Every structure is written in C-alpha cells, then in structure tokens.
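Q: Submitted below is the structure of interest, expressed as structure tokens.
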Amino acid sequence: MSLEFSIEQTNGKARAGRLETPHAEIQTPVFMPVGTIASVKGVPQDTLEELGAQIILGNTYHLYLRPGVETVRKLGGLHGFMTWNRAILTDSGGFQVFSLSQLRKVSEEGVTFRSHLDGSSHFFSPESAMEAQIGLGADILMAFDECTEYPADRARVEESMAMTARWAARSKQYFEQHKHRVPWSQAGAEALERPARQSSAPNPAKAGRNSEPFPASGSPRLTNASSPTYAGQTQSLFGIVQGGMDPALRKESAERTIEVGFPGYAIGGLSVGEPRELTREIVRSTLEHLPADKPRYLMGVGTPEEIVEYANLGVDMMDCVLPTRAARHGLLFTSEGKVSIKQARYARDAGPLDPNCRCRVCQRYSRAYLRHLYASNEVLAQVLNTIHNLSFYLDTMQRVRHSILLGEEYRFLSGAGLDRNLEL
Ligand SMILES: [Zn+2]
C-alpha cells in the first residue's frame, strides 16, 4: 500500500488520524505549508523540519514552467531536487491555470494557456497534468480539475462540475497506467539512470560548461531519492470535488468523484471571493458526502481561526498561502491577536513577538528589531516573519490534534484571525 489512513480518535466531527505515505507518516489534522516552486518562500528545508512541517505543497503549474518537469525528474523528483525527505503533495496545475495564466481556452480535451512568465503557449489535459505530477514525484498528486469562477450561474457551475468529473476519470486512468514511472520507484530509478550513464561517457564535443546539467548516476543524493526503500511504492492520486456554491451540485460532484474512486478526496473551488459564511456552509455540507474512512483535504484555506474550525468539522488536511504571504507583508499571527509589525508603536518594544510562541524568532528577537528589519526592507524580515507565522499555524494544528485526542474542542481565546479582506 502506498497510502494508509487510520483514525485514532474522533471528537464530535473532528478526527485525529495518521496518514502513511511513501516518504513519511503524517499526523492529522495537518497544515501543509505552500512551497510553490519547490521552496517555501524564505524558509530553508532544515528550518521547516525544525518547525515540524510534515508535508509541503508544490505547484505543478509553476514547476512545469520553471525549471521544467524533466529537470526535476532527472534530479530524483521534488524530494531529490529540493532535498526534502518528508512528504510532498502537488496540485494538478488547474487552479493556477485558471487564476494566473492569460488567454486560456478550455475544451473537453484540456486547457490551452499562456505562461504568465513569458507568454509562451502550453496545453494541460488530465493526461499531461498526471504526466507532469508523476515526473515531479510527490507522495500525493491531485486530479486535473476546473476551478469554477465565482460568481457563476447554475448552468455554468453544473457544466464545469460535470467536466471535472470526466477529467477525474481520465486522470485516474492515466495515473494507473503510468504510476510506476515515478522517479523514486525502482522502475523510475532505472529509467532515470539510463540517460545519466550515456551522458557520463567522455564527449569532447560537449565539453562546455552546460554539457552535463545533471550529475552522473551514483551521486549519493540521487541514490537516496530513488532508494530501494520505496520499491513497489507509488504515488497516490486524490480526487477533487467541485460544484461551486451550490450544495446540490457539490453533492453530485462528491458522488461522481467517489464513483471514480480515490484514496483521498479534496474540496476545491473555495476561497475564490465568496463570503466566509458561504465557504463554511459549503465545506460543512460537502463533508457529509465524503467517505469517513478516507482523508479529506480542504484546498486553499484559511485564517488560523478557520483552520481550527475546519479541523473541528472533520477536515484532515489544509493548505494556505496566508501565513507565508502575510508574513512577507509584515502581518503576523500571535496567540494575542494579529500584529502588524510595520507600526511605529513597536519601534521600542523590547518584548518578544509572541510570548507564548516557542519558535526561534520569538525566543531570540524583540518586536523592535523585527519592526526595524521590516521598515528597512531587509530580506531577513521576510525570513523571520515567515518562520514565526508558519510556526504559529503548525503549532495551532498540533494543539487541535492534541485536543481531539483528549476529547476537548480547541478554540481560540483571542482574535488571532485575520480578516480575509485585509489588504496584503
Ligand atoms: Zn514565534
């Protein structure tokens, strides 16, 4: 088995579980930091480990455009490339195609889009999105879906949801036929070594600096990435439920996605501009239609208060760019509420950012220093702010898990949340 999910304890609708993936066992509910282009902006991998990040996200759209799937695949997949030995999840690229790229054209076959980097034209289909994600080699990959825009009329949402269901079936079919090609599986590793051996032969004609962009086989890092430990293991593909803000269409989408059959299910298409109350209502109603014994992943939410609330509703996995993006804008989440570190009131504040936080930033630096770094536009400001915010999110989720195991409901005492409409 390449993915095993067990529930240790429930408390109301909340669940504390364990999700076993080829690279790591994950304790749920879990918050997953976003590492868009194989980097959680500003935070080195060893610090992520120290913060207790169990699984991070990569964005297929970004990695496909730069540095390219083939480059990552030849370097052992994302695990080898970024030397991260814990779990990784990649999205399908669908959300970014719909939110970032220009001039996209959607058909039953797939989506033609222009890169936001250089305007070049590309095509994603369920099949090519799977091919890209197999090359990237995350532990968990996502079916290719259409993220329906908001607002949209019912006919449009229904049509989009039905296409996502057909794409889910195509995604699964392609994945099942090609999953053995993941870079860290035995077959994938053999395929990986072949071109490396050829390129290691001396070739004076290719003596230029870029003639061997990849290390020859036998590099310790590559060996690690394709270790026999993973022999026989593959990635796991999750399905995505769409259906806009219509509970009936969400139900139908859940049923159709479950019919295709996946080891885990995600709720997509939320946090697209709808009011927070509506997000909550759709999450609550959609969860009712998902199988209790499979992991449930809510994509792209939310504030600290929201991730606690969704965990209490029975969500097992969540990701959000908010802690990292807000940190780069000087907005910090603390146990005493949110802090905008740019404010002059902190200029001579010798206290720690959050007296209740054990992260290395709060242990070492004062609010005055963090304010100074931010006001001076120092790179270190982004690094330290991001470390603290991620620590706050990861610790929050750990406390939620602990509460579930104790049979208590975890709630924030103070307004640690950040209003969604706050300008970033
Ligand atoms: Zn801290």
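The values are calculated or read from the model by the stated rules, or taken from the named source; none is laboratory data. Values in this document were obtained by computation on a predicted structure and should not be read as measured data. Note that each Cβ is placed from the backbone with ideal geometry, even for glycine, and that neighbours are counted across all protein chains shown. Accessible surface is based on the protein model in full, side chains and every heavy atom, while ligands, DNA and RNA are left aside. Shrake-Rupley method; radii C 1.70, N 1.55, O 1.52, S 1.80 Å.
Q: Cα extents of the chain along the three principal axes, largest first, in whole Å?
A: 64, 52, 44
Q: Taking the chain as a Gaussian network, where each spring joins two C-alpha atoms under 10 Å apart, which residue of 300, 80, 273 fluctuates the most?
A: The residue that fluctuates most here is 273.
Q: What is segment 341-384 by shape, rounded, prolate or oblate, if you read a ≥ b ≥ c off the alpha carbon gyration tensor as root eigenvalues and call it rounded for a/c under 1.5, prolate for a/b larger than b/c, and oblate otherwise?
A: oblate
Q: Quick one: putting +1 on the C-beta of Lys and Arg, -1 on the C-beta of Asp and Glu, what dipole do you get for the chain around its Cα centre, in Debye to the nearest 20?
A: With only Lys, Arg, Asp and Glu charged at Cβ, the dipole is about 1220 debye.
Q: Under 18 Å Cα-Cα from residue 13, which aspartates and glutamates qualify once same-chain neighbours fewer than 8 residues away are excluded?
A: Correct list for residue 13: 281, 288, 293, 305, 306, 309, 316, 408, 409.
Q: Let me ask something else. So in the chain, what percent of DSSP beta bridges are antiparallel if you round to the nearest 5?
A: Roughly 55 percent of the beta bridges in the chain run antiparallel, per DSSP.
Q: Largest first, what is the accessible-area ranking of 139, 246 with a 1.4 Å probe?
A: Values: 139 0, 246 35 Å².
In descending accessible area the options line up as 246, 139.
Q: Considering the options 119, 183, 171, tell which one lies farthest towards the positive end of the dipole of segment 106-191, charges being +1 on Lys and Arg and -1 on Asp and Glu at the Cβ, about the Cα centre.
A: Checked the options; the winner is 183.
Q: Just tell me which lysines come within less than 21 Å, Cα to Cα, of residue 74; anything on the same chain fewer than 8 places away is out.
A: Result set, ordered by chain and number: 179, 206.
Q: Using Cα springs under 10 Å in a Gaussian network model of the chain, which residue among 355, 295, 304 shows the largest mean-square fluctuation?
A: Result for the chain, Cα springs under 10 Å: 355 fluctuates most.
Q: Shifting gears a bit: Identify all aspartates and glutamates with a Cα-Cα distance to residue 342 below 13 Å; exclude those on the same chain that are fewer than 8 residues away in sequence.
A: Leaving aside aspartates and glutamates fewer than 8 places away in the same chain, those within reach of residue 342 are 378.
Q: Going from most exposed to least, what order do 296, 166 have by accessible area with a 1.4 Å probe?
A: Highest to lowest solvent-accessible surface, that is 166, 296.
Q: Right, here's the next one. Between their Cα atoms, which of 251/294; 172/294; 251/338 are more than 27 Å away from each other?
A: Details: 251/294 17 Å; 172/294 17 Å; 251/338 36 Å.
Where the Cα-Cα span goes over 27 Å, the pairs concerned are 251/338.
Q: Just add up the charged neighbours of residue 352: K/R +1, D/E -1, any other residue whose Cβ is under 15 Å from the Cβ of residue 352.
A: Local charge sum for residue 352: +2.
Q: Just to confirm a number: summing +1 for Lys and Arg and -1 for Asp and Glu over residues other than residue 165 whose beta-carbon lies under 13 angstrom from that of residue 165, what do you get?
A: Net charge around residue 165: -2.
Q: Still on this structure, please answer the following. Can you list, by residue number, the Cys in the chain that have no neighbouring cysteine C-beta under 4.7 Å?
A: So far as the 4.7 Å Cβ criterion goes, 147, 320, 359 stand without a partner in the chain.
Q: Here is a follow-up. Which whole-number percentage describes the relative contact order of the chain, with Cα contacts under 8 Å and a sequence gap of 6 or more?
A: 18 percent.
Q: Helix-only mean residue ellipticity at 222 nm, the chain, DSSP H runs n ≥ 4 weighted -39,500 (n - 2.57), per residue, nearest 500. What is it?
A: -12000 deg cm²/dmol
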